[in-house]
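Chemist: The structure under discussion is supplied below as structure tokens; questions concerning it will follow.
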Amino acid sequence: MAEINFSTMALRLRRTEIRELLKLTRKPGTISFGGGLPDPAIFPYDAVEAASTRAIRELGRLALQYSPTEGEPFLKEQVSAFLGRQGEKAQPDEMIIVSSSQQALDLLSKILIDPGDPVILERPSYVGTLQAFRAFGADFHSIEMDENGIRPDKLESAVASLVSKGRKPKFVYLIPDFQNPSGVNLTLQRRHEALAIASKYDLLIVEDSPYRELRFEGELIPSIRSLDTEGRVVQLKTLSKIFCPGFRLGWVTAPPEVLEKMVMAKQGTDLCTSAFVSILAAFLFKDGHIERQIEISKRLYAKKSATMIAALTEYMPKVEGLSWTRPEGGMFLWLRLPEYMNSLEMISDAIELGVAYVIGSCFYADGSGGNEMRLNHSYPSEEQIVEGVKRLSRLVERRVASGALAVG
Ligand SMILES: Cc1ncc(COP(=O)(O)O)c(C=O)c1O
């Protein structure tokens, strides 16, 4: 075989532990709390079939063609109208259609990150973002969170310290709604504070918000973008969680200079997002199917989340240091184990017991944080949730017993 001289970027790429784990969870009988997948039982198959027929019959000449790199205009109009109905304004020319949010993360890295550039983000944060930014050599500065999201005091001191060393962060990356992995929301007050810090130090904020519409409890909090009066927010949205990930469809709203560079970067990546899927999605928006699906998803995930929390409360051993978040929406909760437990070390036992989760350390830029696990409630059935939590509880009990032995 030829000797292959990989690029510096290729050499930075690592296998993600999540993907490796997901392979293990395909073992028959394993209950997976691992992925961030919608429940396929509620995918609106008939509506998608009808819209795809319509896309071909009514707009086939466009649907089977390339679309503009900025995105199919019919879809952009529908997205703009949808955002308006959600109380979030964006004109079609303020957005670019992307092949889902993961592509947006890659394009943003392409246009903003040089090797060694400081990037600020929450601690923990979405593993796919770490992967995308790491490929471009980002220097991660992870900021502590609490139950109200990223800590503004810590954010400001990290920014101030970098700025004082002449290393202004390229941007602040936040997942303000039902954060992945913690399930936590950034409060309104803190959204204002994050914007004030961004304004003081003249920073860009990247707001990644795939779960926002999946709120099943409490009040909707305005997006950071909608609170911004200075044009310093890039917002990433996707149909993956609110409709279906199979479409690979999303959009980015951003200041004009950012959009222009993203369009140029996208040309080199894939020329354009699928026109067929874009037109299909535009019909689905127009006929109200996306909003209907959001309502159906919210009702189902509210039940599933409640089932998971009830099962954890009932079956988990009552030990110090064991706790979990109570999300008001989205797809995950974040379970904290006692300090002496390590969810990576526990995973092979978990697989043997027939249950899977994502290990906490995946979500830390520096690989720290061993005693947490991310649990997904949207994909498994309610019966599986209860059985999976029973298995997890057995796993934790075993560790409690061996921890007690070690201490004793
Ligand atoms: C915070 C966050 N951003 C981006 C993505 C990528 O989503 P997609 O590429 O399917 O739109 C995910 C998926 O889990 C996510 O949780």
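Chemist: Within 13 Å, Cβ to Cβ, of SER368, how many net charges do the neighbouring residues add up to if Lys/Arg are +1 and Asp/Glu are -1?
Modeler: On the way: positive: ARG123; negative: GLU144, GLU339, ASP366, GLU372.
Combined, the nearby Lys, Arg, Asp and Glu give -3.
Chemist: Which of the aspartates and glutamates could be linked to LYS266 by a straight reach, that is with a Cα gap under 13 Å, when you skip same-chain ones fewer than 8 residues away?
Modeler: List returned: GLU70, ASP106.
Chemist: Between TYR201, TYR357, TYR173, where does the largest GNM mean-square fluctuation fall for the chain, given springs only between Cα atoms within less than 10 Å?
Modeler: TYR201
Chemist: Per residue of the chain, what 222 nm ellipticity follows from adding -39500 (n - 2.57) for every DSSP H run with n ≥ 4, rounded to the nearest 500? Working shown, then result.
Modeler: Numbers: 14 runs with 187 residues, N = 408.
Value at 222 nm, helices only, nearest 500: -14500 deg cm²/dmol.
Chemist: Of the beta bridges DSSP finds with both residues in the range 45-287, what % are antiparallel, to the nearest 5? Don't skip to the answer; put the middle values down first.
Modeler: Details: 10 of 25 bridges.
In the range 45-287, DSSP labels about 40 percent of beta bridges as antiparallel.
Chemist: Let me ask you something else. Restrict the search to the range 271-327; then list the trypsin sites (Lys or Arg not before Pro) that DSSP places in a loop and that have at most 10 other Cβ atoms within 10 Å of their Cβ. If you can, show how the numbers build up before the last one.
Modeler: Values: sites: LYS286, ARG292, LYS298, ARG299, LYS303, LYS304, LYS318; in loops: LYS318.
Answer in residue order: LYS318.
Chemist: Under the rule a/c < 1.5 gives rounded, and otherwise a/b versus b/c splits prolate from oblate, where does the range 260-372 land using the Cα gyration tensor?
Modeler: Details: a/c = 3.05, a/b = 1.62, b/c = 1.88.
Since a/c reaches 1.5 but b/c is at least a/b, the shape of the range 260-372 is classed as oblate.
Chemist: With charges set only on the Cβ (+1 for Lys and Arg, -1 for Asp and Glu), what does the dipole of the range 45-287 come to about its Cα centre, in debye to the nearest 20? Walk me through the numbers before you get to the answer.
Modeler: Details: 28 positive and 33 negative charges, 60 e Å.
Dipole size: approximately 280 debye.
Chemist: Here is a further query. Find the relative contact order for the chain and round it to a whole percent, using C-alpha pairs within less than 8 Å whose residues are 6+ positions apart. Walk me through the intermediate numbers first.
Modeler: On the way: 733 pairs, mean separation 96.9, N = 408.
Answer for the chain is 24 percent.
Chemist: From the residues ILE143, LEU105, SER343, which one has its Cα farthest along the dipole of the chain in the positive direction, the dipole being from +1 and -1 charges on Cβ of Lys/Arg and Asp/Glu about the Cα centre?
Modeler: SER343
Chemist: So, one more: With only Lys, Arg, Asp and Glu charged, each at its Cβ (+1 for the first two, -1 for the last two), find how big the charge dipole of the chain is about the Cα centre; round to the nearest 20 debye.
Modeler: 440
Chemist: Percent relative contact order of the range 130-238, based on C-alpha pairs within less than 8 angstrom and at least six residues apart? Let's see the in-between values first.
Modeler: Details: 125 pairs, mean separation 26.4, N = 109.
Answer for the range 130-238 is 24 percent.
Chemist: Still on this structure: Given a cut-off of under 8 Å on Cα pairs at least six residues apart, what relative contact order in percent is computed for the range 45-287?
Modeler: On the way: 411 pairs, mean separation 71.9, N = 243.
That works out to 30 percent.
Chemist: Okay, moving on. For the range 145-295, what does the alpha-carbon gyration tensor say about shape, rounded, prolate or oblate, given a ≥ b ≥ c as the root eigenvalues, a/c under 1.5 as rounded, and a/b over b/c as prolate? Present the calculation step by step, with values, prior to reporting the outcome.
Modeler: On the way: a/c = 2.47, a/b = 1.39, b/c = 1.78.
Taking the square roots of the gyration eigenvalues as a ≥ b ≥ c, the range 145-295 is oblate.
Chemist: Mind checking which aspartates and glutamates have their Cα closer than 20 Å to the Cα of LYS303? Skip sequence neighbours fewer than 8 apart in that chain.
Modeler: The reachable aspartates and glutamates, counting only those whose Cα sits under 20 Å from LYS303, are ASP39, ASP177, GLU213, GLU217, GLU219, GLU291, GLU295, GLU314, GLU328, GLU382, GLU383, GLU387.
Chemist: About the Cα centre of the range 233-329, how large is the charge dipole given +1 on each Lys and Arg Cβ and -1 on each Asp and Glu Cβ? Please answer in debye to the nearest 20. Could the numbers behind the result be given before it?
Modeler: On the way: 13 positive and 9 negative charges, 49 e Å.
I would put it at about 240 debye.
Chemist: Please compute the modelled spin-label separation between LEU271 and ASN148, points set 7 Å along Cα→Cβ, answer in nm with one decimal.
Modeler: 5.1
Chemist: Sticking with this structure for a sec: Would you mind checking which residues have amide H under 5 Å from ILE31's amide H? H placed 1.01 Å from N; only 5 or more apart, or other chain.
Modeler: VAL355, ALA356
Chemist: Suppose R0 equals 45 Å; then what is the FRET efficiency for SER323 and LEU227 from their Cβ-Cβ distance, rounded to the nearest 0.05? If you can, show how the numbers build up before the last one.
Modeler: On the way: r = 31 Å, r/R0 = 0.68.
Once the sixth-power term is evaluated, E becomes 0.90.
Chemist: Using the Karplus curve 6.51 cos²θ - 1.76 cosθ + 1.60 with θ = phi - 60°, work out ³J(HN,Hα) for each residue of the range 77-84 in order, rounded to whole Hz, and write x for Gly and Pro.
Modeler: 4, 5, 5, 4, 5, 4, 4, x
Chemist: Note down the net charge around LYS76, summing +1 for each Lys or Arg and -1 for each Asp or Glu among other residues with Cβ under 13 Å from its Cβ. Mind dumping the intermediate values first?
Modeler: On the way: positive: LYS237, LYS286; negative: GLU70, GLU72, GLU77, ASP93, GLU94.
It works out to a net charge of -3.
Chemist: Among VAL206, SER157, SER67, flag the residue with its Cα farthest along the positive direction of the charge dipole of the chain, charges on Cβ as +1 for Lys/Arg and -1 for Asp/Glu.
Modeler: SER67
Chemist: Just to confirm a number: summing +1 for Lys and Arg and -1 for Asp and Glu over residues other than GLU58 whose beta-carbon lies under 14 angstrom from that of GLU58, what do you get? Let's see the in-between values first.
Modeler: Working: positive: ARG54, ARG57, ARG61, LYS286; negative: GLU72, ASP287.
Its environment carries a net charge of +2.
Chemist: Apply the Karplus curve 6.51 cos²θ - 1.76 cosθ + 1.60, θ = phi - 60°, to the phi angles in the range 225-230 and return the couplings in whole Hz, x for Gly and Pro.
Modeler: Working through the residues one at a time gives 4, 6, 8, 6, 10, 10 Hz.
Chemist: With r defined as the distance between the Cβ atoms of ILE56 and ASP287 and R0 fixed at 22 Å, what FRET efficiency is calculated, to the nearest 0.05? Spell out each step's value before the answer.
Modeler: Working: r = 16 Å, r/R0 = 0.73.
With a Förster radius of 22 Å, E is 0.85.
Chemist: Additional query: Which links in LYS154/LYS304; LYS23/LYS110; LYS261/LYS304; LYS27/LYS286; LYS165/LYS241 stretch past 31 Å when you go from one Cα to the other?
Modeler: Values: LYS154/LYS304 34 Å; LYS23/LYS110 29 Å; LYS261/LYS304 41 Å; LYS27/LYS286 41 Å; LYS165/LYS241 40 Å.
Over 31 Å Cα-Cα: LYS154/LYS304; LYS261/LYS304; LYS27/LYS286; LYS165/LYS241.
Chemist: Oh, and also: Can you tell me what share of the DSSP beta bridges in the chain is antiparallel? A percent to the nearest 5 is fine. Don't jump to the answer; show the numbers that get you there.
Modeler: On the way: 20 of 37 bridges.
Of all bridge pairs located within the chain, approximately 55 percent are antiparallel.
Chemist: Among LYS76, LYS154, LYS23, whose mean-square fluctuation peaks in a Gaussian network model of the chain (Cα, cutoff 10 Å)?
Modeler: Largest GNM mean-square fluctuation: LYS23.
Chemist: Follow-up. Students often forget the sequence filter, so: which lysines lie under 16 Å Cα-Cα from LYS318 once same-chain residues fewer than 8 apart are removed?
Modeler: Straight-distance partners of LYS318: LYS390.
Values in this text are rule-based calculations from the coordinates and carry no lab data. Bear in mind the structure is a predicted one, so any value in this text is a computation, not a measurement. Neighbour counts are summed over all protein chains in view; Cβ atoms, including those assigned to glycine, are modelled from backbone coordinates with ideal geometry.
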